[in-house]
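Everything on this sheet refers to the single structure shown next.
Just so it is clear, none of the values below were taken in a lab; they were calculated from the coordinates. Nothing here was measured: the structure is a model prediction, and the numbers come from that model. With ideal geometry, Cβ positions are generated from the backbone for all residues, glycine too; neighbour counts draw on all protein chains shown.
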Amino acid sequence: MAPGLAAWGMMTGVAMVNSGMSATEAVAMTLLVYAGSSQLAAIPLIAASAPVWVILATSFCVNLRFVVFSAHLRSYVMHLPRPVRLLAGYLATDMSYVLFVRRFPHPPVDSAERQAQFAYLAGGGGLNWLSWQAASLLGIALAQWIPPQWGLGFAGILALIGVTCSLASTPMRRVSAGVAGAAAVAAVALPFNLNSVVAIAAAVALCLLFETPARPPRPRHENE
């Protein structure tokens, strides 16, 4: 994953500088935000002087998936101290999450499993962070010499497509992904990249409408 993330991070660094951000602002954003898709969604809004609420709403919606990721990972990391959990959340990415839950489909049951799972999670997250930050900082430094015709972002897009396809493992997920894509295209004329917010809202609404809620377990009687 690292080469794709590095290319995407370098492209994001270039985009931040070319949007009018200073080098200091770009470095602060890549270190503090560390969210490629959210950064790329917010950059044109910042350059267009969009209202702050639009920038925050767009970034929130784009990164809403991490709420689901963190809820799933809760049972894996609750034994860790809070600062370590916060660090794990900061380092989490789509790809590291997908690889982690494939490697460890169930939470740990003993100290050896806890150690192995945390090592895998920290190693994957740390490598992704290092790859992204190094390439993004390089893109910021070389923004004036890296032409957009290189298409560096395409490598990151390919990586995200791979993650998306691996996550579309059920008919409902595939349908919701298709609805989100269609809604994004239909609403592409909206200002400030609000079509991404429309796409997310459409997919979530579809899932809430058609997904069958899990039935609560039937209480057991004493004579059963």
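When shorter helices are ignored and each DSSP H run of at least 4 residues is given -39500 (n - 2.57), the per-residue value for the chain at 222 nm works out to -23500 deg cm²/dmol. Packing here is the average count of other Cβ atoms within 10 Å per residue, and on that basis the peptides 192-202, 61-71, 16-26, 110-120, highest first, run 192-202, 16-26, 61-71, 110-120.
A71 versus E113, label points 7 Å from Cα toward the beta carbon: distance in nm? Result for the modelled spin labels: 2.3 nm.
Across the chain, C-alpha contacts under 8 Å between residues 6 or more apart give a mean separation that, scaled by the residue count, equals a relative contact order of 34 percent. Magnitude of the charge dipole for the chain, about its Cα centre and with charges confined to Cβ atoms of Lys, Arg (+1) and Asp, Glu (-1), is about 340 debye. Working value for the stretch 42-104: equivalent-ellipsoid semi-axes of 29, 13, 9 Å, each the square root of 5 times a Cα gyration tensor eigenvalue, largest first.
Extension gain for F210 to L190 (0.36 nm times residue separation, less C-alpha to C-alpha distance): 4.5 nm. Relative contact order of the stretch 16-76, taken over Cα pairs closer than 8 Å and 6 or more residues apart, is 30 percent. Computing FRET efficiency as 1/(1 + (r/R0)^6) for N63 and L138, where r is the C-beta to C-beta distance and R0 is 22 Å, gives about 0.35.
If the segment from A168 to N18 were pulled out straight at 0.36 nm per residue, it would be longer than the present Cα-Cα gap by 50.6 nm.
Of the complete DSSP H runs in the chain, those spanning 30 angstrom or more by Cα along the long axis with a mean Kyte-Doolittle score not below 0.0 are 111-141. Report which label in (i) 17.1, 58; (ii) 18.0, 56; (iii) 19.8, 78 holds the value of Rg and Dmax of the Cα atoms in Å derived from the coordinates of this structure. Matching the structure shown: (iii).
Highest average first, the peptides 51-59, 85-93 ordered by how many other beta carbon atoms sit within 10 Å of their residues are 85-93, 51-59.
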